[in-house]
Amino acid sequence: MLQVNQIRENREFIERGLAKRNKDYSQNLSDILALDDSRKKTHKELDDLLAEGNLIAKEIGQLLKNGQMAEAEQRKQRTVELKESSKALEISLQKIEEDLKAQLYLVPNVPHESVVFGKGADENVECFSWGKRPVFDFEAKAHWDIASQFDLIDFELGNKITGAGFPVYRNLGARLQRALINFFLDEAQKAGYEEYMLPHMVNEESGYGTGQLPDKEGQMYHVQVDNLYLIPTAEVPLTNIFRDVILKEEQLPLKLTGYTPCFRREAGSYGKDVRGLNRLHQFDKVEIVQIANPTDSYRILEEMLEHVKGLLQKLGLEFRILRLCGGDMGFASACTYDFEVYSAAQQRWLEVSSTSNFETFQSNRLKCRFKGKDGKPQLVHTLNGSALALPRIVAALLENHQDASGVVIPEVLRPWCGFDRIG
RNA sequence: GGAGAGAUGGCAGAGUGGUCGAUUGCGGCAGUCUUGAAAACUGUUGAGUGUAAUAGCUCCGGGGGUUCGAAUCCCUCUCUCUCCGCCA
């Protein structure tokens, strides 16, 4: 959520930034400022009435103490009027504040200066690539075929137990999952991230805090009896740790990591995208989050990119990094890099990580601040990234590291797996 | 699920209708003293809104009510603790 004062002070800058999202928000911004003006005006009127009421109340107290009953009664008459009009003002103020909030919820984050204009995914900019594409002297299989050949993943069983998009991992497939989770967590720990084990359900406040609510409600599983949501990513519980928290400057940056399953309803997806592990309703992911001083956040974003790079390099997977253009960036992000690994068998790129700086967009909602030297609370910057999401990594590992008779496990994973090949 | 108790500033903990945004202690910060440190002493120390700066206004778990006036009384919700029941 943008800050109204920012909009007021840097309107032109913000409008120019938002234009990169290929949508016009100038009307929203005008509405916001107009609503804020009437908010201020109404607030002032209300405050004046309340101030008068407070004053009279004190006088009445004094008069009663002195036994001046008649005078006290007289004063009370005015307070009746005051109460009526302040009640009315309160109601309209509340309405204005609701409208203002609703408007603010509609406006996405302002892309960073470095983000390019673009209409959609086609205009993302490749900024880094690494690795060699494997060459096979046999017909490369897709991961769903390998998975079924070696009994690693049972999609049918998942369909039976739950439904499409909830695969069952078994045997070496299950152990590979566990190995990857541990590998990613240990790497994060080595890089200075504190590990958390988190609830897999969150309440409404948390959903609002990180921006899944109100607008992306349909993408989360909702447990209605208790009004809880299954987390779509560990980012939600991890970042909400700092909701309504004022940190000390010297605590920053805070680095956190956590493994959780992620639940996504993903309504409206279809076709080749959903084959095998490409898109699931439940998947596993290790997330990294940093809570940063605004002056450091872009350096930290680079640091996080390096971390993710390192993971993919250790796994020996060909990948590229894309700088997302304005039109493809998530609602809350100011700057996002996507990591994609190349799937040799499917002959396409698969997104395995998205690493973003949200600047103050989340912290403004979360009310997560830090106190600097001047003693004034200031909003932090929040950043997060997948490090990494498992299913497509598994897909790429199986496909890219396959040989004529099975799959070779990358050296680095073997201590965690306990086996060096499948098949 | 049943019965009872409670929720106050970073923490502890007063406050049961009228200068209470809140006594006090600890912690934090600044200063005095000291070669330096500790101790002691002095001062200072919540957030939001608003303003050029003041002022004003709001906030004592959330919401609602009573009253001229609520941290304090009433209703309701949430959470915590104790006891009972159930349970991995």
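Taking the stated definitions as given, is residue A:295 β-branched (Val, Ile, Thr) and free of Cβ contacts under 8 Å to residues at least 24 places away in the same chain? For residue A:295, the condition - β-branched (Val, Ile, Thr) and free of Cβ contacts under 8 Å to residues at least 24 places away in the same chain - is met.
Checked against (1) charged (D, E, K, R); (2) within 16 Å of RNA strand B (Cβ to nearest atom); (3) in contact with a helix residue (DSSP H, G or I) (Cβ under 7 Å, 6 or more places away or on another chain), residue A:123 passes all but a single condition, namely (2). The numbered conditions (1) more than 20 Å from residue A:111 (Cα to Cα); (2) surrounded by fewer than 21 Cβ atoms within 10 Å (Cβ to Cβ); (3) touching a helix residue (DSSP H, G or I) at 6+ places or on another chain (Cβ under 8 Å) are all true for residue A:327 except (1).
Cβ-Cβ contacts under 8 Å between residues 6 or more apart (or on different chains), taken from a first residue in region A:401-423 that is under 16 Å from residue A:181 (Cα atoms) to a second residue that is of a type in the set (Phe, Trp, Tyr) and part of a loop (DSSP other than H, G, I, E, B), are listed as A:409/A:419.
Answer yes or no as to whether residue A:39 is within 30 Å of residue A:363 (Cα to Cα), within 12 Å of RNA strand B (Cβ to nearest atom) and assigned to a helix (DSSP H, G or I). Answer is yes for this residue.
For (1) in contact with a strand residue (DSSP E or B) (Cβ under 7 Å, 6 or more places away or on another chain); (2) at pLDDT 90 or above, each residue gets a yes or a no:
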{"position": "A:232", "(1), (2)": "yes, yes"}
{"position": "A:235", "(1), (2)": "yes, yes"}
{"position": "A:238", "(1), (2)": "yes, yes"}
{"position": "A:245", "(1), (2)": "no, no"}
{"position": "A:249", "(1), (2)": "yes, no"}
{"position": "A:290", "(1), (2)": "yes, yes"}
{"position": "A:315", "(1), (2)": "no, yes"}
{"position": "A:319", "(1), (2)": "yes, yes"}
{"position": "A:326", "(1), (2)": "no, yes"}
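Checked against the criterion of being buried (at least 21 other Cβ atoms within 10 Å of the Cβ), part of a helix (DSSP H, G or I) and touching a helix residue (DSSP H, G or I) at 6+ places or on another chain (Cβ under 8 Å), region A:239-253 has at least one qualifying residue.
When residue A:351 is tested against (1) more than 18 Å from residue A:276 (Cα to Cα); (2) assigned to a strand (DSSP E or B); (3) in contact (Cβ under 8 Å) with a residue 40 or more places away in the chain, exactly one condition is not met: (1). Pairs linking a residue in region A:35-58 that is closer than 15 Å to residue A:82 by Cα to a residue that is near RNA strand B (Cβ under 6 Å from one of its atoms) and in a helix (DSSP H, G or I), with Cβ atoms under 6 Å and 6 or more positions apart or on different chains, are A:53/A:79; A:56/A:79. Any chance region A:45-53 includes a residue that's more than 7 Å from RNA strand B (Cβ to nearest atom) and more than 24 Å from residue A:102 (Cβ to Cβ)? Yes, some residue in region A:45-53 is more than 7 Å from RNA strand B (Cβ to nearest atom) and more than 24 Å from residue A:102 (Cβ to Cβ).
Identify all residues within region A:376-423 that are in a strand (DSSP E or B) and among the hydrophobic types (A, V, I, L, M, F, W, C); write none if there are none. Selection gives A:379, A:383, A:387, A:388, A:389, A:407, A:408, A:422. Consider residue A:22 carefully, then state whether it is away from RNA strand B (no atom under 11 Å from the Cβ), in contact (Cβ under 8 Å) with a residue 40 or more places away in the chain and at positive phi. So residue A:22 passes the test. Scanning region A:270-280 for residues that are within 17 Å of the chain's Cα centre (by Cα), among the small types (Gly, Ala, Ser) and buried (at least 23 other Cβ atoms within 10 Å of the Cβ) turns up nothing. The set of residues in region A:360-414 that are in contact with a Gly (Cβ under 7 Å, 6 or more places away or on another chain) and either aliphatic (A, V, I, L, M) or within 16 Å of RNA strand B (Cβ to nearest atom) (or both) comprises A:365, A:366, A:378, A:395, A:407.
Residues that are of a type in the set (Lys, Arg) and modelled with pLDDT of 95 or more within region A:256-288 comprise just one, A:285. Scanning region A:345-364 for residues that are modelled with pLDDT under 90 and among the basic types (Lys, Arg) yields no hits at all. Sub-8 Å Cβ pairs linking a first residue in region A:98-110 that is more than 19 Å from residue A:357 (Cα to Cα) to a second residue that is of a type in the set (D, E, K, R) and in a helix (DSSP H, G or I), at least 6 apart or interchain, are A:100/A:36; A:100/A:39; A:103/A:31, ordered by first then second residue.
For every residue, the table says whether it meets (1) closer than 30 Å to residue A:211 by Cβ; (2) part of a helix (DSSP H, G or I); (3) within 44 Å of the chain's Cα centre (by Cα).
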{"position": "A:35", "(1), (2), (3)": "yes, yes, yes"}
{"position": "A:73", "(1), (2), (3)": "no, yes, no"}
{"position": "A:88", "(1), (2), (3)": "no, yes, yes"}
{"position": "A:94", "(1), (2), (3)": "yes, yes, yes"}
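Note on region A:61-101: among residues that are at pLDDT 90 or above and of a type in the set (A, V, I, L, M), the one that is farthest from RNA strand B (Cβ to nearest atom) is A:96.
The values are calculated or read from the model by the stated rules, or taken from the named source; none is laboratory data. None of these values were measured; they are calculated from a predicted model. Cβ sites come from the backbone with ideal geometry, for glycine too, and all protein chains shown count toward neighbours.
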